[in-house]
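For reference, the structure discussed in these notes is given below.
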Amino acid sequence: MTKIYTCNVPIEADLVDAFCVLQKGFTDQFVYYDKQRACRYMGLGRCIALPSLREVECEYGSEGAGTHGTADAAAQQPPVFFSFNRFDSTNPAPADELMASFPRLRFMLPEIVLIENERGRFLQVNSLGPVYPGRVARFERLCAQAPAREAVAIPFTLEPDSRAQWDAQMVAALGAIAAGRVSKVVLSRRKRLTAAHPFSSKDLLVNLIDGDGRGTVLLYRYADVFFCGCTPELLVRKQGDRVESMCLAGTCPVGATPEASDALAAALMADGKNRAEHDYVVQLIRGVLDRVCYDVAVPAAPEIMRLAHVQHLFTPARARVLAGITLADLMEDLHPTPAVAGTPVGEARMLLRAIEPYSRGFYAGACGFVDAAGDGEFSVALRTGVFDGEGGWVYGGCGIVAESDPDAEYEEIDLKLKTILSAFGKDA
């Protein structure tokens, strides 16, 4: 049994401003920040890493309640663990040198977590021994005094990836589809980025949170290497016995005007290729939920999700989970979906190992958080990149089916890369 001491105190500070002040003292950083709703968790330092949360005991202390006093019992927030999982953790192909430098850990508990959720805003301090009162008070004071954050634009250059290599991958993918090995496979591309001057994980985080990208901002920093992005795709959310997921597949551009966007969305909705690609994801998610949940509700027709640069076919899924099924169980059953691997999923993953020249690492992996009560959520790490403060790699992908055109799919990935590139500032 692992015993964790946790102290939660309410704060009024803007979470991002507070994070920007506190992050100077910590090399390990974790962020799961939903830009549309109060589901925002920003961790600093690492208290402990665990392979499982099945034997965790929590003690909530009033030590360090600071100027606010002890948080109300109803607002007690269980310790928050972060979990960043690779797309294909057993892929023998080499990841890029930055992605390969991250340790292989499962559930990571930060020393400090800044929280904004339906209960309010909190500063959480976690420890393997009783929480020192002065430490909590000091962090409270720093949060209260945090100045407004400042954005930094970072000019950069991108090295073109090999078009010949892309064409060869498309030939291999379409050949496997024609042979009946898979119905769909999701190919990815990566590009090398070099910045004009040094930058920090904080710089990219601020630009992603304050930028026009819609979705959940992810960050995992280990030492001087960090993985980050803004993903539109929820994998699974669990609150008590209530579960939500999302089917997201099928893409078109955003138009120059609302009317143009509406016309493109209507064409996407009517496109047989994209509807079939979307339905593969719906079938898998419905199948998983039918197996481990009840009261499963998945609409028969998709909606449109409009983002800053692209639009997607989107179908929400809701259910109530059977007793004994954990959030980690749901994450493992659902990931990877056909939206990031293909279908059948196992065969598509093996095909990707053969035709993609690199391991994706965290790109398209399942990244999120879970608290000690078992609630939390995971998103699919799309629109992401990995960096070292001077440069790095950016990643994008697209689903390939029999009707796919190599030129159109190549251009679709370039559209998707705009989200992670926006982390370098609009003026970059």
Checklist entry - Has region 47-61 got at least one residue that is more than 21 Å from Tyr220 (Cβ to Cβ) and at pLDDT below 85? => result yes
Item to check | Search result, residues across region 134-161 that are over 19 Å from Leu44 (Cβ atoms) and surrounded by fewer than 16 Cβ atoms within 10 Å (Cβ to Cβ) | outcome: Ala148, Glu150, Ala151, Ala153, Pro155, Thr157, Leu158, Glu159, Pro160, Asp161
Checklist entry - From the set of residues in region 33-55 that are over 17 Å from Glu111 (Cα atoms) and among the small types (Gly, Ala, Ser), which is surrounded by the fewest Cβ atoms within 10 Å (Cβ to Cβ)? => result Ser52
Next on the checklist: Out of the residues in region 168-203 meeting the condition of being crowded, with 16+ Cβ neighbours inside 10 Å and of a type in the set (Val, Ile, Thr), tell me which one is nearest to Val340 (Cα to Cα).
Outcome noted: Val186
Next on the checklist: Would you confirm, using the coordinates I've provided, whether Ala317 is in contact (Cβ under 8 Å) with a residue 24 or more places away in the chain, surrounded by fewer than 20 Cβ atoms within 10 Å (Cβ to Cβ) and small (Gly, Ala, Ser)?
Outcome noted: no
Item to check | Any hit, region 326-336, residues being in contact (Cβ under 8 Å) with a residue 40 or more places away in the chain, open to solvent by 20 Å² or more (accessible area, probe 1.4 Å) and more than 18 Å from the chain's Cα centre (by Cα) | outcome: yes
Next on the checklist: Which count do you get for residues in region 141-200 that are within 30 Å of Leu123 (Cα to Cα) and assigned to a helix (DSSP H, G or I)?
Outcome noted: 4
Checklist entry - What about Gly385, is it at pLDDT 95 or above and more than 19 Å from the chain's Cα centre (by Cα)? => result no
Checklist entry - Assuming Leu264 fulfils every condition listed in (1) closer than 24 Å to Phe378 by Cα; (2) in contact with a Gly (Cβ under 6 Å, 6 or more places away or on another chain); (3) open to solvent by 10 Å² or more (accessible area, probe 1.4 Å); (4) of a type outside the set (Ser, Thr, Tyr) apart from one, which condition is it? => result (1)
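For every residue, the table says whether it meets (1) surrounded by 17 or more Cβ atoms within 10 Å (Cβ to Cβ); (2) not polar (S, T, N, Q); (3) not in a loop (DSSP other than H, G, I, E, B).
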| residue | (1), (2), (3) |
| --- | --- |
| Phe362 | yes, yes, no |
| Glu377 | yes, yes, yes |
| Val386 | yes, yes, yes |
| Trp393 | yes, yes, yes |
| Cys398 | yes, yes, yes |
| Asp407 | no, yes, yes |
| Glu412 | yes, yes, yes |
| Leu417 | yes, yes, yes |
| Ile420 | yes, yes, yes |
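The values are calculated or read from the model by the stated rules, or taken from the named source; none is laboratory data. Since this is a predicted model, take the numbers as computed values, not measurements. As a convention, Cβ positions derive from the backbone with ideal geometry for all residues, glycine included, and neighbour counts pool all protein chains shown. These accessible areas exclude ligands, DNA and RNA; they are computed on the full protein's heavy atoms, side chains included. Shrake-Rupley method; radii C 1.70, N 1.55, O 1.52, S 1.80 Å.
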